[in-house]
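Asker: Let me give you the structure first, and then I'll get to my questions.
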Amino acid sequence: MKLQQLRYIWEVSQHGLNVSATAQSLYTSQPGISKQIRLLEDELGVEIFTRSGKHLTRVTPAGEAILARAERILHEVENIRQAAQEHRNERRGSLSIATTHTQARYALPPVIEAFRAEYPEVALHMNQGTPTQIAELASTGKADFAIATEGMEHFKNLVMMPCYEWNRAVVVPRGHALAARDHVSLADVAEQPIVTYVFGFTGRSRLDEAFAAAGLTPNVVFTATDTDVIKTYVRLGLGIGIIAAMAFDPERDADLVAIDASHLFLPSRTYIGARKDTFIRRFMLDFVELFAGHLTPDVVRAAFGNTDRAAREDLFADIELPVR
């Protein structure tokens, strides 16, 4: 059994059982991959994939078990490389982050800027997606860190640590009737056409919960994953916007008015995390602390060193999270 064979079967499983696409991604030949998979199956005495002619059609039950272990082995191989790199040069490497547009656009820029100043030889990679995609990228090792607010149910095999809480603002064009009111209620908002986030993004669940609890049905006429897109359509008069308060820039958005909505919705919480078996390099610890000051290296090590999920959560029970 060769490490290369394990990498081939894992990559094939990640490319929808398309050997040709796998070969292109690995810069090798399709026949070479097919041959190595066959040799591995012959050695193990089981089929990892079922076939229809020359095409792989599905993963067998034995293949599911083998792929799960192959993934762990490949992840440990990467950890070995990271450990060696840490001792060879602790200030050089790469860091991949999976997150949403709102975090990438509004929360991370000062963190990235400070991190780059401290670690100019660390290459940074940003991947944006849904909570499900973010969790998948981190759980398969394609991203070192996941940063998300929604969909915590997708992050079961990751150590997720709370970073900060945030709430929302209602944004309207200058001159809008709501801008002149001293107090805006949830009923006032429900009467308006609403432009906001797609369900499952950027704390959208808190918004839906608030309307449901009040027995109100919001008139959501347009949704997007990108806050700047939401503000664009508010400017076009499509409706009022409900966005993360941190995404409103008084200078850039001078033609809009932001109305505090923290009294209307429960706050949302943003988390950062990684696979529990990840080798955490020094620059990774520093990145986490830059993003959330209370997540010091000792706290992060304690979180990753604790195998019990409930006990990990107890680490943060008494921490008062900052509000953005």
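The values are calculated or read from the model by the stated rules, or taken from the named source; none is laboratory data. Keep in mind it's a predicted model, so treat the numbers as computed, not measured. All Cβ positions, even for glycine, are placed from backbone atoms using ideal geometry, and neighbour counts span all protein chains on display. With ligands, DNA and RNA removed, areas are computed over all heavy atoms of the protein, side chains included. Shrake-Rupley method; radii C 1.70, N 1.55, O 1.52, S 1.80 Å.
Asker: Could you list, ordered by first residue, the pairs with Cβ atoms under 6 Å in which the first is in the range 259-277 and touching a residue at least 40 places away in the same chain (Cβ under 8 Å) and the second is in a loop (DSSP other than H, G, I, E, B) and of a type in the set (Ser, Thr, Tyr), at least 6 apart or interchain?
Answerer: Going by the 6 Å Cβ cut-off, the qualifying pairs are Ser268/Thr149; Thr270/Thr149.
Asker: Among the residues of the range 5-47, which ones are open to solvent by less than 50 Å² (accessible area, probe 1.4 Å), among the acidic types (Asp, Glu) and more than 16 Å from Ala68 (Cβ to Cβ)?
Answerer: Glu41
Asker: What tally of residues in the range 212-224 results from selecting those that are part of a loop (DSSP other than H, G, I, E, B), among the β-branched types (Val, Ile, Thr) and buried (at least 18 other Cβ atoms within 10 Å of the Cβ)?
Answerer: Residues that pass the stated criteria total 0.
Asker: Moving to a separate point now. Could you say whether any residue in the range 118-126 is in contact (Cβ under 8 Å) with a residue 40 or more places away in the chain, surrounded by 15 or more Cβ atoms within 10 Å (Cβ to Cβ), part of a helix (DSSP H, G or I) and not basic (Lys, Arg)?
Answerer: No, because not a single residue in the range 118-126 is in contact (Cβ under 8 Å) with a residue 40 or more places away in the chain, surrounded by 15 or more Cβ atoms within 10 Å (Cβ to Cβ), part of a helix (DSSP H, G or I) and not basic (Lys, Arg).
Asker: Tally time: how many residues in the range 48-69 are under 18 Å from Gly16 (Cβ atoms) and open to solvent by 60 Å² or more (accessible area, probe 1.4 Å)?
Answerer: Qualifying residue count, the range 48-69: 8.
Asker: Take the range 255-287 and flag every residue that is closer than 23 Å to Phe201 by Cβ and among the β-branched types (Val, Ile, Thr).
Answerer: Selection gives Ile259, Thr270, Ile272.
Asker: Which ranges mark the strands (runs of 3 or more DSSP E) fully within the range 10-112 that have 2 or more residues being small (Gly, Ala, Ser) and over 30 Å from Ala245 (Cα atoms)?
Answerer: It comes to 93-99.
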